[in-house]
Every structure is written in structure tokens, then in C-alpha cells.
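The values are calculated or read from the model by the stated rules, or taken from the named source; none is laboratory data. Since the structure is predicted, the reported quantities are computational estimates derived from the model, not experimental observations. Neighbour counts are summed over all protein chains in view; Cβ atoms, including those assigned to glycine, are modelled from backbone coordinates with ideal geometry. Please note that ligands, DNA and RNA were not included when accessible areas were found on the heavy atoms of the full protein model with its side chains. Shrake-Rupley method; radii C 1.70, N 1.55, O 1.52, S 1.80 Å.
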Amino acid sequence: MALIAILAGDGIGPEVTAEARRVLDALDLDLHFEEGLVGGVAYRATGHPLPAATLDLARRADAVLFGAVGDPSCDGLERALRPEQAILGLRKELGLFANLRPAMLFAGLEDASALRPEVAGAIDLVIVRELTGDVYFGDKGRRTGADGLREGYDLMRYDEAEVARIARVGFETARRRRSRLCSVDKANVLETSQLWRDVVIEISAEYPGVALSHMYVDNAAMQLVRNPGQFDVIVTGNLFGDILSDQASMCAGSIGMLPSASLDTGSKGMYEPIHGSAPDIAGQGRANPCAAILSAAMMLRHSLHLNDAADRIDGAVAAAIAGGARTGDLGGAMSTRAMGDAVLAKL
Ligand code: IPM
Ligand code: MG
């Protein structure tokens, strides 16, 4: 029996996670669920966005199914108490260094993409984002400069071991797909990126079957909207991956369709829709649960090795979309629950 921690969090998190849970229940797998508080809701209940009990649950669990964190009413809090710190803390504490963000266009959603249908239809890529280093976790702070001016700083740094391990995840991911890996950096300006590029090239010797290319991040942002079909797997650092994955999601139709997996060196993982808490539509039952449902499928695949069950979920979502099921983000008017029902009907 596998223990799944459900951390639904803020905003639409609980609504979409409930649908993912219904789909998992319908598959009748040997799973045990335990819920924990996280984000703004945890701060209000306990005074901290990542309470010790939640971290303990996440550590004990075989996998974490995560909703969303983010609450505008917490924006005035000191940084350490803001909801976002919960997710950064979970990533760091659980060693979830590898973030897989697949972006593909579901048949039938061609018109939902911000791109022309023939351009959007070619999207089928995975962004492998480093998740526990970079400017997110470097030395940061405020100080007064020599001239008396206020300064803010965030140190960008990677060591070669951090780059090597995420590079290997990139190569492994590419090897299971179309064997093309594009490493995205800013080596023309940043020394961190030059080290990144040097190490990725060194690691490429272990993967002769994978074609490696390099792209500067500004060019990658442009190429993602110009011709996204050119990418198979992208490997990049934490900050660049954050930005490019939001961009890729919109090319693929809706951010409401895209799941993600955050993995450690073993089979532990945290699975979450890449959309946030969407406070503007929270509590209205209008959010698209597909990203959460597809995240549950990634969980079955990566942490529990239940590939057939994962395939069934992926297929049911694709069939529901092909059958015309649409929430508001996809140009329809279905409720969260009705979309969940549509997926369940295809399971
Ligand atoms: C993401 C989010 C987070 C990040 C925030 C909520 C801290 O944008 O998962 O992409 O920046 O990593
Ligand atoms: Mg982001």
C-alpha cells in the first residue's frame, strides 16, 4: 500500500485536487491518502505556510499530490511566511531537484492556443527544469550600497555536481523520447551558464545516442513561439525553466492542461498542476482539473510504476477533450466537477 500525501493548498488547489482524487479512487489502486495543510491556508491555521506536520507527512509519503499555493492576502507578509515558501521548502527539504514539465497539444485544442493552429499542433516537448538551485536558493538580501542607495541581490550559482545530475535527467528523458536535447543557458553573458554548458557537454559523452544542442534563453523564448515543434527535451536552470515553462503552456492551449513532476534521485516525487492558485476564480467550481488529473497520472508513472493506470488516465483526459469537454479556460462553460465527470466517463 502506497501512502499519498494530498497537499491541496490555496485557491483552486482543493477544487482541482478533489477531481484528481476521484479519478485515482475510480482506478481502485492500493493507495492510502493523508491530507496536510500547506500555503496560505496553513499559515492562517498554524502561523507557518509549511507546518512541521506537513513536512513530516511529505517525508513519510511515497508521493505528494500538490494543488497550488498563493494567496494575495499574504503578499504583505515577510518573505519567509509567504505561501510560496512552502513549495520552495518542500522542493529543497525533499531534494526534488528535477522538475519535468511536459507540454503537448491535446487534439481538439488547436484553437485554444495563442499560436496559429498549425504551429501549435506541433508542440510535443518536455522542459526539464533544475529545481533546488540557481538564483532561487543563492545568497540573497538587502543592503545599503557605498553610495547610500538601497540594494537587493540574489546570487546565481550552480556547482558542477548540480549541473551534471540535472543534465543526466535531461539526457535520460530525451533517450526515452525522440533523442534530442536542447540545453538552454545564457553563456554569452553569465559565468554560471558557461559552467552549465561545459558540464552538459562533458555529460553528453555518456549519451552518444542523444543529439545535443545549445540555445541562449532569449532565443529559446523566441523559438518557442516561432516554431515549438523543433523541441523534444529542453534542459535548463531553475529561473529560465520557470519562465519558459509558463510560456510553453500557453503555446499548448491552456495552462489548465499541464501537469508536472518534481523528482528526487529515487522514486519520491511531488506532482502538481503548473498553474497557480488562481484566486480570481477560486471557490467558483470553474477551474480546469485536467492538469491536476494528469499530475496524478505522472505520479502513478514515476513514483508508483503503475504505467497502465497512468496510461488510462492520460487516455481518458484526451478522450474527454476530443469529445468536446471544455472548462472556461478552454472556451467552454463546464464546471470543475463536470470536467471530472467527463474524464471519469472515459476511464
Ligand atoms: C512554479 C511557480 C513557483 C516557482 C512559485 C510559486 C514559487 O511559479 O512552480 O513555476 O517560481 O518555481
Ligand atoms: Mg512558475
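Among the candidates 114, 146, the residue that is over 30 Å from residue 53 (Cβ atoms), away from ligand 1 (no atom under 16 Å from the Cβ), assigned to a loop (DSSP other than H, G, I, E, B) and in contact (Cβ under 8 Å) with a residue 40 or more places away in the chain is uniquely 114. The single condition among (1) open to solvent by 20 Å² or more (accessible area, probe 1.4 Å); (2) closer than 17 Å to residue 229 by Cα that residue 127 does not meet is (1). Among the residues of segment 81-98, those identified as assigned to a loop (DSSP other than H, G, I, E, B) and either open to solvent by 30 Å² or more (accessible area, probe 1.4 Å) or more than 15 Å from ligand 2 (Cβ to nearest atom) (or both) are 82, 94, 95, 97. When segment 252-272 is limited to residues that are of a type in the set (A, V, I, L, M) and modelled with pLDDT of 95 or more, the one that is farthest from ligand 2 (Cβ to nearest atom) turns out to be 263. All conditions but one from (1) among the β-branched types (Val, Ile, Thr); (2) touching an Asp or Glu at 6+ places or on another chain (Cβ under 9 Å); (3) open to solvent by 50 Å² or more (accessible area, probe 1.4 Å) apply to residue 38; the one that does not is (3).
Rundown of residues vs (1) touching a Cys at 6+ places or on another chain (Cβ under 9 Å); (2) open to solvent by 30 Å² or more (accessible area, probe 1.4 Å); (3) assigned by TED's automatic domain parsing to the domain that holds residue 14, yes/no style:
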{"residue": "61", "(1), (2), (3)": "no, no, yes"}
{"residue": "70", "(1), (2), (3)": "no, no, yes"}
{"residue": "79", "(1), (2), (3)": "no, yes, yes"}
{"residue": "111", "(1), (2), (3)": "no, yes, no"}
{"residue": "116", "(1), (2), (3)": "no, yes, no"}
{"residue": "147", "(1), (2), (3)": "no, yes, no"}
{"residue": "160", "(1), (2), (3)": "no, yes, no"}
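The helices (runs of 4 or more DSSP H) found wholly in segment 158-265 and carrying at least 2 residues that are over 25 Å from residue 65 (Cα atoms) occupy 160-175, 191-204, 217-226. Of the residues making up segment 236-251, those that are open to solvent by 10 Å² or more (accessible area, probe 1.4 Å), at pLDDT 95 or above and away from ligand 1 (no atom under 11 Å from the Cβ) number 1.
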